[in-house]
Amino acid sequence: MNKDNLLDSLFLTVLIIIAAVFGVKQFGSSFDITYLTSDPANHFNASISVMNGGLLRGQFLGYFINGLILKIALPFCGYWNLVHIYCFAEVIHLFVSGAALYSLLRYIFNGHAFVYFIFAVFYMLGYPLNNMIFGFCYLGISITVVTSILFFCVRLQNCGSLANLGFLSLSLYGLIISYSLFVPAIYLGVFIWLGWHLHSKGFKTKHVAKNIVLLFAIPVLLGFFIVYLSLFGSEGSTSAANALTIEGYIYRDLYGSFIIIAPWALFGFVTYWKERDFLIPIVGGVFIIFSIALLFMGLLGYASSYYFFKVHYLLWLLFYILAAKAVDQVLSLQPFVFVSWSLVYSLLFIFAFSGFDLKLNEKRPLFNQAPTASASFKIYEFNFASLGQCPLLSEKGLDAIEKASEIAANKEVKILMPDSLTYWAKALLNSTQDVFWWHTDFKSILSVYRDSDAILLKDEDSSLSTSDGAKLQDLIAALKGSSEFATYDLGDNFILLLKS
């Protein structure tokens, strides 16, 4: 093994360790369900469906990968431990995001291994870690797919073989089946770059058109039938325009997280352009234009902030790739410039997250009136503060749901609990319930529950209410007082009501 391979192996091993450390910080050593949103429950449910041989439809790549991991783990850990495997898979995806960027930078620049390892660490602990905290598995996987698209574009640029064209086509297909929001900009960017690249090599228009058709035929045709029609073309489905206006909970920071990296990204963009190496500038430039357009659509009310801020996760990748070009240039010509910049911001980072800045403010406020060292590291500040902060289902809670499944046997179990737990219980119990207590009025939903054979409830408060203002506790009190049901205390405030 030569020196470069040894370094790569060492740095990738360290990335595994870093991903594992932050995975344990988020999920605990037993990898319990801990997310800031309830979305991962639906993704887990879809992954279970794929594991059980369900139909692949829509943006299924994330569910397919996770379903495959769950299928492999099932014989060794049993069904009720699959939630822990699912959380563990999030750590794998976190590592892969960092490893993919490191590998791409090493392939493009072929030097400065330690610098690009540090790039990969800071990249990974930014939006990829944020993605893990929120549980948007499909989003993180789609960005890793974009990394592979760029990798095969570089390969095609260096060696225009049919095999590289085929791998690029499969990667483009991977994007449309992982997250279609990014498809228009990335496809357009690759389309423009490939047309320019082939034309610059002296190929005739007919040959250029043939290669573009070969590249895009599979992703566009299969993507349209598998993704677009299944999401927006079926009866009763929402339109793409309406879907784009749906709001949701996501990390929102318009530009603060990009302040440090942006000057280097701009420098890298200009350097690429001057060298007439147009791949990253074209793809990155088109995506930046797409992001600005989405911002204006949001300001005009045609798109939600939720979808606008999702583009930040991919911008983070593109900015780091552009910045790497600048760093490569500076290290070759004026390495002290990069060393000076790195030293200043490394000290700020240490002051911010070692607690020194805050302690100095608390103990000597006249010398440090406001702890501002973290102002340039907003995404890291949010991530580190959010790690492990929202445990949704403990081991006791999981045991309670398992007991409910055993006691209720083959009966359909209705779920009555706070919304953050409802979708996890639905997934674990394989429930077909699609109307929950906050969807309708008190009288109607009470009637639905009273007609049920079994009800699993968790006796705790919720911020939601029925359409006429009734609280979760009101429904629980009405049902627990009914003589129709036998009551089973399952522990951890979980109660099973079974019709006598």
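The values are calculated or read from the model by the stated rules, or taken from the named source; none is laboratory data. This is a predicted model, so every value here is computed, not measured. A quick note on method: Cβ atoms are made from the backbone with ideal geometry, for glycine too, and the neighbour counts reach across all protein chains shown. Protein only, heavy atoms only, side chains kept; ligands, DNA and RNA dropped before computing areas. Shrake-Rupley method; radii C 1.70, N 1.55, O 1.52, S 1.80 Å.
Restricting segment 193-214 to residues that are in a helix (DSSP H, G or I) and either small (Gly, Ala, Ser) or modelled with pLDDT under 80 (or both) leaves a set whose member that is surrounded by the most Cβ atoms within 10 Å (Cβ to Cβ) is GLY195. Being of a type in the set (Lys, Arg) and either under 18 Å from GLY140 (Cα atoms) or more than 27 Å from the chain's Cα centre (by Cα) (or both) is the filter here; which residues of segment 151-209 pass it? Passing the criteria: LYS201, LYS204, LYS206. Counting only residues that are small (Gly, Ala, Ser), in contact with a Leu (Cβ under 7 Å, 6 or more places away or on another chain) and farther than 22 Å from PHE119 by Cα, segment 14-34 holds 0 of them. Scanning segment 439-471 for residues that are open to solvent by 70 Å² or more (accessible area, probe 1.4 Å) and assigned to a helix (DSSP H, G or I) gives HIS439, LYS443, ARG450. Condition first: surrounded by 16 or more Cβ atoms within 10 Å (Cβ to Cβ), at pLDDT 85 or above, assigned to a loop (DSSP other than H, G, I, E, B) and in contact with a strand residue (DSSP E or B) (Cβ under 7 Å, 6 or more places away or on another chain). Can you find one or more residues in segment 410-417 that meet it? Looking for residues that are surrounded by 16 or more Cβ atoms within 10 Å (Cβ to Cβ), at pLDDT 85 or above, assigned to a loop (DSSP other than H, G, I, E, B) and in contact with a strand residue (DSSP E or B) (Cβ under 7 Å, 6 or more places away or on another chain), one finds at least one in segment 410-417, hence yes. Search segment 98-112 for residues being open to solvent by 10 Å² or more (accessible area, probe 1.4 Å) and part of a helix (DSSP H, G or I), and hand back the single one that is farthest from ILE321 (Cα to Cα). It comes out as ALA99.
Scan segment 472-494 residue by residue and report those that are closer than 14 Å to LEU421 by Cβ and open to solvent by less than 70 Å² (accessible area, probe 1.4 Å).
Step one: filter segment 472-494 for residues closer than 14 Å to LEU421 by Cβ, giving 472, 476, 490, 492-494.
Those that are closer than 14 Å to LEU421 by Cβ and open to solvent by less than 70 Å² (accessible area, probe 1.4 Å): LEU472, ILE476, LEU490, ASP492, PHE494.
Of all residues in segment 51-63, those that are free of Cβ contacts under 8 Å to residues at least 60 places away in the same chain and either in a strand (DSSP E or B) or crowded, with 17+ Cβ neighbours inside 10 Å (or both) total 1. On the stretch given as segment 73-90, residues that are under 22 Å from VAL24 (Cα atoms), open to solvent by 10 Å² or more (accessible area, probe 1.4 Å) and out of contact with any Asp or Glu (no Cβ under 6 Å at 6 or more places or on another chain) total 10. Does segment 354-372 include one or more residues that are out of contact with any strand residue (DSSP E or B) (no Cβ under 7 Å at 6 or more places or on another chain), open to solvent by 30 Å² or more (accessible area, probe 1.4 Å) and in contact (Cβ under 8 Å) with a residue 24 or more places away in the chain? The answer is no; no qualifying residue exists.
Screening the candidates ALA427, ALA478, ALA385 for the property of being more than 31 Å from the chain's Cα centre (by Cα), at negative phi, of a type in the set (A, V, I, L, M, F, W, C) and at pLDDT 85 or above yields one hit, ALA478. The residues on offer are GLY284, GLY248, GLY268, GLY256, and the sole one that is under 30 Å from SER374 (Cβ atoms), open to solvent by 20 Å² or more (accessible area, probe 1.4 Å) and small (Gly, Ala, Ser) is GLY248.
For segment 125-141, the tally of residues that are more than 8 Å from the chain's Cα centre (by Cα) and either of a type in the set (Gly, Ala, Ser) or modelled with pLDDT under 95 (or both) stands at 1.
From the list LEU175, LEU194, the lone residue that is closer than 18 Å to VAL286 by Cα, in contact with a Leu (Cβ under 8 Å, 6 or more places away or on another chain) and either among the aliphatic types (A, V, I, L, M) or free of Cβ contacts under 8 Å to residues at least 60 places away in the same chain (or both) is LEU194. Among the residues of segment 362-409, those identified as within 30 Å of THR37 (Cβ to Cβ) and not in a helix (DSSP H, G or I) are PRO371, THR372, PHE377, LEU387, GLY388, GLN389, CYS390, PRO391, LEU392, LEU393, SER394. When segment 1-37 is filtered for residues that are outside any helix (DSSP H, G or I) and open to solvent by less than 70 Å² (accessible area, probe 1.4 Å), the ones remaining, listed by number, are GLY28, SER30, PHE31, ASP32, ILE33, THR34, TYR35, LEU36, THR37.
Contact map, segment 132-150: residues that are closer than 19 Å to ARG57 by Cβ paired with residues that are of a type in the set (S, T, N, Q) and assigned to a helix (DSSP H, G or I), Cβ distance under 7 Å, separation 6+ or inter-chain. Pairs shown: CYS137/ASN66; LEU139/ASN131; VAL145/SER171.
Reported count of residues in segment 304-329, each being open to solvent by 10 Å² or more (accessible area, probe 1.4 Å) and in contact (Cβ under 8 Å) with a residue 24 or more places away in the chain, is 10.
Any residue in segment 429-437 that is in contact with a Phe, Trp or Tyr (Cβ under 7 Å, 6 or more places away or on another chain), open to solvent by less than 70 Å² (accessible area, probe 1.4 Å) and either aliphatic (A, V, I, L, M) or closer than 28 Å to SER257 by Cβ (or both)? No, that holds for no residue. Might you let me know whether segment 161-183 holds any residue that is at pLDDT below 85 and either touching a helix residue (DSSP H, G or I) at 6+ places or on another chain (Cβ under 6 Å) or more than 17 Å from LEU315 (Cβ to Cβ) (or both)? Within segment 161-183, one or more residues are at pLDDT below 85 and either touching a helix residue (DSSP H, G or I) at 6+ places or on another chain (Cβ under 6 Å) or more than 17 Å from LEU315 (Cβ to Cβ) (or both).
Is it true that some residue in segment 38-50 is part of a loop (DSSP other than H, G, I, E, B), open to solvent by 20 Å² or more (accessible area, probe 1.4 Å) and modelled with pLDDT of 90 or more? Within segment 38-50 (the criterion being part of a loop (DSSP other than H, G, I, E, B), open to solvent by 20 Å² or more (accessible area, probe 1.4 Å) and modelled with pLDDT of 90 or more), the answer is no, since none of the residues qualifies.
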